[in-house]
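See structure below.
The values are calculated or read from the model by the stated rules, or taken from the named source; none is laboratory data. All figures in this text were calculated on a predicted structure; none of them were measured in a lab. A quick note on method: Cβ atoms are made from the backbone with ideal geometry, for glycine too, and the neighbour counts reach across all protein chains shown.
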Ligand SMILES: Cc1cc2nc3c(=O)[nH]c(=O)nc-3n(C[C@H](O)[C@H](O)[C@H](O)COP(=O)(O)OP(=O)(O)OC[C@H]3O[C@@H](n4cnc5c(N)ncnc54)[C@H](O)[C@@H]3O)c2cc1C
């Protein structure tokens, strides 16, 4: 069954964008921090499930918003979208932080397993927190401010390990994302900007939930967690590509489900395979969304490729070898997969299919290529580059 709040199609994403774009200026800037509840209208776009799988892209979103507002008027919104790009770039330059999160999560065990179950099931007795735990499980989505409060209460009031909280989010968010999720939890915990934590307070929660919640007994201080130094920044991965005229199979993964930028040469794509492998997704909400979105991509691709479009359930070498051989090609083209399980699997598959003489071209979007290398430090130096890059791309 598909999700009532987030129909998993590009059409639905575009419809939501059309509805939201006129509100991306002053209304967003003034009201985006307010969460009036899951059933109430929101000043936020609620586009993240679509952006996460790139059913629509950051660039399309920024372009649509800037066709209705000046950059100055929509500055706040554009910056929020660029937070997503920034986190992606930051992790891309430091993939070991993702590996470190996974290792920390896997070796963390709790003497009191019940405390973890109570937090996840919404049985802590903390007003708001319990409601949000249930909201997350039921809807697969939480407002940004709620995510901040929730993470802060998890770490500083309940004193639960941050990595288990990040894992709880990954298992339930439809937009579950290695970069945005891990780095936001690290930021709340005081690991991301060393020493700077985020403390949720009763007053702030009461104000921005319009009085729906005013939890008592929250931690009054938030001492930053610490960790071993991070590894040095690596450059954005260099890519080698074959001649674009070489006939190819198009591979669409759930990391980028709007492959039109790979079809511009058009004639070299002979067939397409779409894979949203459930083993590479964390929770049922994301799995259901990605599986339906895969059917949506397939339907769109069939317009040009007819019956040469297949949807596969597993991202593995044999599936791709069979698909490439059926299409009579020895080249596969796919959108670049950023740090995360799909990238890891794709790297293994790329090596495995090479032994059969098939090469995989990973193609990165220009948006990422332009922005990611600037994610070397904090968001503030990164954001200095935004106007210039938007100008270069003809968006302002
Ligand atoms: C603890 C925590 C965990 C999070 N986990 C995720 C996650 O797994 N996946 C995810 O996509 N986002 C995550 N976020 C970021 C943010 O909360 C969501 O992207 C946002 O709430 C999505 O709602 P929206 O589309 O209505 O946002 P809007 O306010 O309408 O913003 C538009 C878009 O900008 C981007 N954006 C906005 N705020 C942020 C932000 N703080 N960080 C990064 N991108 C942002 C998103 O792509 C969003 O769709 C997390 C934030 C926190 C504090």
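General remarks:
- All of (1) more than 11 Å from the ligand (Cβ to nearest atom); (2) touching a residue at least 24 places away in the same chain (Cβ under 8 Å); (3) outside any helix (DSSP H, G or I) hold for residue 159 with one exception: (2).
- Residue 205 vs. criteria within 16 Å of the ligand (Cβ to nearest atom) and part of a loop (DSSP other than H, G, I, E, B): no
- Some residue of segment 34-42 being closer than 21 Å to residue 390 by Cβ and more than 18 Å from the chain's Cα centre (by Cα): no
- Residue among 241, 221 that is assigned to a loop (DSSP other than H, G, I, E, B) and either farther than 25 Å from residue 349 by Cα or at pLDDT 95 or above (or both): 221
- Hey, residue 320 more than 18 Å from residue 53 (Cβ to Cβ), at pLDDT 95 or above, in a helix (DSSP H, G or I) and touching a strand residue (DSSP E or B) at 6+ places or on another chain (Cβ under 9 Å) or not: yes
- Tabulated pairs, segment 31-58, first free of Cβ contacts under 8 Å to residues at least 40 places away in the same chain and over 14 Å from residue 85 (Cα atoms), second within 7 Å of the ligand (Cβ to nearest atom) and assigned to a loop (DSSP other than H, G, I, E, B), C-beta under 6 angstrom, 6+ apart or interchain: 43/32
- Just one residue in the set 194, 241 is outside the structural domain of residue 375 (by TED's automatic domain parsing), within 28 Å of residue 371 (Cα to Cα), away from the ligand (no atom under 14 Å from the Cβ) and in contact with a strand residue (DSSP E or B) (Cβ under 6 Å, 6 or more places away or on another chain); that residue is 241.
- Qualifying positions in segment 24-47 - over 22 Å from residue 212 (Cβ atoms) and within 11 Å of the ligand (Cβ to nearest atom): 24, 29, 47
- The residue that is surrounded by the most Cβ atoms within 10 Å (Cβ to Cβ), among those in segment 93-120 that are part of a loop (DSSP other than H, G, I, E, B) and in contact (Cβ under 8 Å) with a residue 40 or more places away in the chain, is 94.
Residues checked against (1) surrounded by 12 or more Cβ atoms within 10 Å (Cβ to Cβ); (2) assigned by TED's automatic domain parsing to the domain that holds residue 197; (3) closer than 16 Å to residue 342 by Cβ:
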site	(1), (2), (3)
232	no, no, no
272	yes, no, no
282	yes, no, yes
301	yes, no, no
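- Scope segment 125-137; condition surrounded by fewer than 20 Cβ atoms within 10 Å (Cβ to Cβ) and touching a residue at least 24 places away in the same chain (Cβ under 8 Å); matching residues: 127, 131, 137
- Residues that are more than 10 Å from the ligand (Cβ to nearest atom) and without any contact (Cβ under 8 Å) to a residue 40 or more places away in the chain within segment 71-82 comprise just one, 72.
- Check on residue 153, within 13 Å of the ligand (Cβ to nearest atom), in contact with a helix residue (DSSP H, G or I) (Cβ under 9 Å, 6 or more places away or on another chain), at negative phi and at pLDDT 95 or above: yes
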